[in-house]
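Reading through the structure tokens given below for one structure.
The values are calculated or read from the model by the stated rules, or taken from the named source; none is laboratory data. Keep in mind that this is a model prediction, so the values were computed, not measured. Reconstructed Cβ throughout: ideal geometry from the backbone, glycine too, with neighbour counts over all protein chains shown.
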Amino acid sequence: MTNKLDSSDRSEGDRARSRAYQLEFWPGILAYAVVLTGVLLWGDLEGDSPLRFLWAVLPVIPALWIVRAVLRHVGRIDDYQRVLLLQALGGGFAVAMIASVTMAFLEIAGLTVPGVGWIIYSAGMLGWIITGAVVGRQ
Amino acid sequence: MKNNLRALREDRGWTQGALADQLGVSRQTVNALETGRYDPALPLAFRIARLFAQPIESIFTPEDSNLHP
């Protein structure tokens with residue numbers, strides 16, 4: 001049974017926590033996109049300069065900022081939200097592991113799939129998002 | 001664990017969001033508590049008890065399955 005007191009609107013605290021997260025998360029994503037663009041434009045990853053390895057790992061720096069934003073968000077949310085987040089991360093992790101092992105077996109069987117890292121990354125992210133949506137609805 | 005959190009909240013005319021803000025948790029967490037999908041940890045249970053000025057055991061009632069190992 002629901003009534004007007006059961007509004008599904010987010011509370012003021014929910015909005016404040018979300019604002020704080022967005023303020024920390026999006027600058028990291030923006031910096032990541034800028035660095036990634038720089039790497040793709042000037043990194044010459046397929047060249048033979050030894051500096052290309054440095055260019056290849058450069059996006060890790062803004063990625064660490066994103067990790068920091070996520071960890072601070074985890075510190076702000078309550079126990080139940082952490083349980084939901086853990087379940088979503090568990091789903092994403094399981095999908096990434098299964099994708100990783102499957103790709104490894106396919107490679108042993110002689111099938112070389114280009115961009116295997118991106119496939120595993122995408123599978124893991126998709127698993128995280130879908131599991132998060134499912135547990136959030138329960 | 002059963003609880004009468006919804007009745008206590010509605011008696012005071014609070015929305016789930018208003019209760020969530022007073023407890024420092026999300027509205028989704030209040031909803032999960034009220035529908036019995038989530039049993040609070042002790043610190044949150046004590047905050048709830050203090051907010052409603054009632055002992056924990058008058059708000060939360062264990063089910064039979066909770067009473068035996």
Within the range B:25-45, restricting to residues that are within 7 Å of chain A (Cβ to nearest Cβ) and of a type in the set (Gly, Ala, Ser), the one that is farthest from the chain's Cα centre (by Cα) is B:Ser26
All positions within the range A:53-92 that are outside any helix (DSSP H, G or I) and either within 14 Å of chain B (Cβ to nearest Cβ) or under 15 Å from A:Arg17 (Cα atoms) (or both): A:Ile77, A:Asp78
Name the pairs: first residue in the range A:102-126 and within 21 Å of A:Gly90 (Cα to Cα), second residue outside any helix (DSSP H, G or I), Cβ to Cβ under 8 Å, at least 6 apart or on different chains? A:Met103/A:Val113; A:Ile119/A:Val113
Tally time: how many residues in the range B:2-22 are within 19 Å of A:Asp78 (Cα to Cα), more than 8 Å from chain A (Cβ to nearest Cβ) and surrounded by fewer than 20 Cβ atoms within 10 Å (Cβ to Cβ)? 1
Are any residues in the range A:93-138 assigned to a loop (DSSP other than H, G, I, E, B) and within 14 Å of chain B (Cβ to nearest Cβ), and if so, which ones? A:Gln138
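So which residues in the range A:103-133 are surrounded by 15 or more Cβ atoms within 10 Å (Cβ to Cβ) and among the aliphatic types (A, V, I, L, M)? Reasoning before the result, please.
The initial filter retains those residues of the range A:103-133 that are surrounded by 15 or more Cβ atoms within 10 Å (Cβ to Cβ), namely A:103, A:116, A:119-120, A:123-124, A:126-128, A:131-132.
A:Met103, A:Val116, A:Ile119, A:Ile120, A:Ala123, A:Leu126, listed by residue number.
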Of these, A:Ala88, A:Ala31, which one is in contact with a helix residue (DSSP H, G or I) (Cβ under 6 Å, 6 or more places away or on another chain) and in the same structural domain as A:Gly124 (by TED's automatic domain parsing)? A:Ala88
